[in-house]
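Quick notes on the structure that follows.
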Amino acid sequence: MGIPTVERSRAVEDYVKAIHAIADDGGDRSVGTTALASHLGVTPASASGMVRKLATLGLASSSPYRGVTLTDDGEGLALSILRRHRLLETFLAQRLGIPWDRVHAEAEVLEHVLSVELEAAIANNLGNPDRDPHGAPIPRSDLTVEEQQTFPLDQLAEGDRVRFVRIPDERPEMLRWLAERGIAPGVEIELKRREPFGGPLTAAINGREHQLGVELAAAIRVEYL
Ligand SMILES: [Zn+2]
């Protein structure tokens, strides 16, 4: 990575991470400034200003019609932040026993100050895990990442049997609801019934039936068995 340490400011890293996240969601590599501003809760004017800064740092390129795209250096920076973030979440959950609904907020802060040495020590201590507590893939030290095809649970048909792969890490109340019922990545889920008109889903998990709201079912990503 050719980014000087002094430029590893929290704002730069948060913007790079946001562009990466929005591009990933949309399946399109370029991101509109308006979408970026609303994702970060800033005005379009400050988003435009920061995009210009990212361009001078060689982290992103932008054009009025195409939007913002990360350069290879920007993509590398985004993946290195995700690696630190997800290793931290795993360390906090596994080694310090912090509940999985609280590790994200801690990692959001610590990811910006973690040294290369401490990152390596944490990865080593954890045995180089490939997934964080929410099931998200942890980029490897060479910044490659294993992307896996998953589906939202709300797309299943009755009788489908799947495995819970991952859940977004940003909704503590959703994570607590799942934790209280022992529902976590790795468990098997069988969809029993779907109520019509966007009603709840009934799923068998760990030998018990649970009613899952559509919002929750849309957030849970699964793979077929
Ligand atoms: Zn997180």
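Would you please name the residue that is farthest from residue 9 (Cα to Cα), looking only at residues in segment 80-89 that are near the ligand (Cβ under 10 Å from one of its atoms) and crowded, with 24+ Cβ neighbours inside 10 Å? Before the answer, list the steps.
Of the residues in segment 80-89, the ones near the ligand (Cβ under 10 Å from one of its atoms) are 82, 85-86, 88-89.
Those left that are additionally crowded, with 24+ Cβ neighbours inside 10 Å: 85-86, 89.
Values: 85: 15, 86: 19, 89: 21 Å.
In this case the residue turns out to be 89.
Consider segment 92-144 and keep the residues that are loosely packed, with under 15 Cβ neighbours inside 10 Å and among the β-branched types (Val, Ile, Thr). The one that is farthest from the chain's Cα centre (by Cα) is 116. Of the residues making up segment 157-176, those that are in contact with a Lys or Arg (Cβ under 9 Å, 6 or more places away or on another chain) and more than 15 Å from the ligand (Cβ to nearest atom) are 157, 158, 159, 164, 165.
Scan segment 136-170 for residues that are without any contact (Cβ under 8 Å) to a residue 60 or more places away in the chain and not in a helix (DSSP H, G or I) and the total you get is 17.
Out of 132, 154, I need the residue that is within 12 Å of the ligand (Cβ to nearest atom) and either acidic (Asp, Glu) or out of contact with any strand residue (DSSP E or B) (no Cβ under 9 Å at 6 or more places or on another chain) (or both). Which one? Don't jump to the end; show me each part of the working.
On the way: 154 fails: within 12 Å of the ligand (Cβ to nearest atom).
Answer to the selection: 132.
Flag: residue 37 does not match the condition of being within 12 Å of the ligand (Cβ to nearest atom), of a type outside the set (D, E, K, R), over 22 Å from residue 144 (Cβ atoms) and outside any loop (DSSP other than H, G, I, E, B). Scanning segment 40-59 for residues that are surrounded by fewer than 18 Cβ atoms within 10 Å (Cβ to Cβ) and in a helix (DSSP H, G or I) returns 44, 45, 46, 48, 49, 52, 53, 55, 56.
Say whether the condition of being under 30 Å from residue 77 (Cα atoms) and modelled with pLDDT of 95 or more is met by at least one residue in segment 196-209. The answer is no; no qualifying residue exists.
For segment 183-195, which residues satisfy the criterion of being loosely packed, with under 13 Cβ neighbours inside 10 Å and either within 14 Å of residue 211 (Cα to Cα) or of a type in the set (Val, Ile, Thr) (or both)? Reasoning before the result, please.
Within segment 183-195, the subset loosely packed, with under 13 Cβ neighbours inside 10 Å is 186, 195.
195 - this is the single residue of segment 183-195 that is loosely packed, with under 13 Cβ neighbours inside 10 Å and either within 14 Å of residue 211 (Cα to Cα) or of a type in the set (Val, Ile, Thr) (or both).
The values are calculated or read from the model by the stated rules, or taken from the named source; none is laboratory data. As the structure is a computational prediction, the values presented were derived from the model and not from experiment. Quick reminder, even Gly has a Cβ in these numbers, built from the backbone with ideal geometry, and neighbours come from all protein chains shown.
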